[in-house]
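Q: Okay, handing you the structure first.
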Amino acid sequence: MEEITEKEIDYIDLLKKIKKNWILIMVITISVVIATFIISTVTFEQRYEANMKVIAVKDNTMDTGLIDMNNYSNPMATFIGIARTNSVAENAALKFGEMDSDEYTEALNVELDDGTMIINFNIISEKPSYAYLGIQAYQTAFIEVANQYYPEWKFTVIERPIFPEEPIKQNIYRNLTIAFTVGLMGSVTFSILLEYYKSNKYKMK
C-alpha cells in the first residue's frame, strides 16, 4: 500500500476547505457575474465610433530645400507624432467648435497600419455627430499642420467616415467570462484564507 505523502495530505486538506465553503464560493462568484452584467447592460454609457484612413505619399519631384525625410529611420512615426500634438487638436477645435482640444485628445486614437503608409484616425464620443464631424475636422487639421513642415508629402483620404447609427457594442459574453473567472478565483482564495484564519484563531484559544 502506497504511503500518503505530506504534500498529498496538504492537497486533500485544501480540497476539504474549498468543499466546506462551496456555498460561499458560489454566492460570491454569482454576485460578481450579476454585477458585471448590470454594469455592462444598464449603467454603461453608449458611445459612438467613427474611423478614417489617410495615406501619405512623398512627391519626389518637389525640391523644397528642406532636410530629406528619408534620412530619418521612420518618417511615418513622425506623422503619427504630429497627429497627436496639441497644435493639431487646437486647429481641429477651431474647425469643429463643439469639441475643444482636451476633448479631442481624450477621444482620439491615431495608429499606423503596420508595413504601410496608411494612418488610421479613430474618435469615440457619446454623440454620433461629434464622432462623425469631429474626425473629419481632425484629419483636415492634421494635413494642414503636417504640410507646413513637410510640403513634399501628399496626404490623401482613402476611407471616409460613416455616420455611426448604432453605438459600440459591448462584448458581454467576454465580460461575463472574465467576471466568472475572477469571481471564482477570488472566492476560492477568500474561503481558504477564511479557513486558515478560523483554524489559527481556534489554536490560539
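The values are calculated or read from the model by the stated rules, or taken from the named source; none is laboratory data. Keep in mind it's a predicted model, so treat the numbers as computed, not measured. Glycine gets a Cβ as well: all are built from the backbone with ideal geometry, and neighbour counts include every protein chain shown.
Q: Any residue in segment 138-149 that is buried (at least 20 other Cβ atoms within 10 Å of the Cβ), within 20 Å of the chain's Cα centre (by Cα) and among the aliphatic types (A, V, I, L, M)?
A: No - not one qualifying residue is present in segment 138-149.
Q: Sort out which residues of segment 164-188 are in contact (Cβ under 8 Å) with a residue 40 or more places away in the chain and of a type in the set (F, W, Y), and write them in order of number.
A: Once the filter is applied, which keeps residues that are in contact (Cβ under 8 Å) with a residue 40 or more places away in the chain and of a type in the set (F, W, Y), segment 164-188 yields only F180.
Q: S40 - would you say it is modelled with pLDDT of 80 or more, under 34 Å from the mean Cα position of the chain (by Cα), hydroxyl-bearing (S, T, Y) and under 30 Å from N175 (Cβ atoms)?
A: On the way: modelled with pLDDT of 80 or more: no; under 34 Å from the mean Cα position of the chain (by Cα): yes; hydroxyl-bearing (S, T, Y): yes; under 30 Å from N175 (Cβ atoms): yes.
For S40, the condition - modelled with pLDDT of 80 or more, under 34 Å from the mean Cα position of the chain (by Cα), hydroxyl-bearing (S, T, Y) and under 30 Å from N175 (Cβ atoms) - is not met.
Q: Within segment 139-147, does at least one residue satisfy the condition of being touching a helix residue (DSSP H, G or I) at 6+ places or on another chain (Cβ under 8 Å) and among the hydroxyl-bearing types (S, T, Y)?
A: Residues of segment 139-147 that are touching a helix residue (DSSP H, G or I) at 6+ places or on another chain (Cβ under 8 Å), as a first pass: 140-142, 144-146.
From what's left, among the hydroxyl-bearing types (S, T, Y): 140.
Yes, there is a match, as at least one residue in segment 139-147 is touching a helix residue (DSSP H, G or I) at 6+ places or on another chain (Cβ under 8 Å) and among the hydroxyl-bearing types (S, T, Y).
Q: Does segment 99-156 hold any residues that are modelled with pLDDT under 90 and β-branched (V, I, T), and which are they?
A: Hits for segment 99-156 are T105, T116.
Q: Check E111, E165, E152 and return the single one that is within 17 Å of V54 (Cβ to Cβ), under 22 Å from the mean Cα position of the chain (by Cα) and not small (G, A, S). If you could, list the steps in order and put the result at the bottom.
A: On the way: E165 fails: within 17 Å of V54 (Cβ to Cβ); E152 fails: under 22 Å from the mean Cα position of the chain (by Cα).
After applying the criteria, what remains is E111.
Q: Further question: Are any of the residues in segment 162-172 touching a helix residue (DSSP H, G or I) at 6+ places or on another chain (Cβ under 6 Å), modelled with pLDDT of 90 or more and under 16 Å from S101 (Cα atoms)? Before the answer, list the steps.
A: Narrowing segment 162-172 to residues touching a helix residue (DSSP H, G or I) at 6+ places or on another chain (Cβ under 6 Å): 163-164, 170, 172.
Remaining after also requiring modelled with pLDDT of 90 or more: 163-164.
If we keep only those that are under 16 Å from S101 (Cα atoms) too, we end up with none.
No, there is no match, as no residue in segment 162-172 is touching a helix residue (DSSP H, G or I) at 6+ places or on another chain (Cβ under 6 Å), modelled with pLDDT of 90 or more and under 16 Å from S101 (Cα atoms).
Q: Here is a list: Y196, Y130. Which entry is under 29 Å from K53 (Cα atoms) and in a helix (DSSP H, G or I)? Break it down stepwise before answering.
A: Values: Y196 fails: under 29 Å from K53 (Cα atoms).
Exactly one of Y196, Y130 is under 29 Å from K53 (Cα atoms) and in a helix (DSSP H, G or I), namely Y130.
Q: Still on this structure: Among the numbered criteria (1) touching a strand residue (DSSP E or B) at 6+ places or on another chain (Cβ under 8 Å); (2) surrounded by fewer than 14 Cβ atoms within 10 Å (Cβ to Cβ); (3) outside the structural domain of S87 (by TED's automatic domain parsing), which single criterion is violated by K198?
A: Failed condition: (1).
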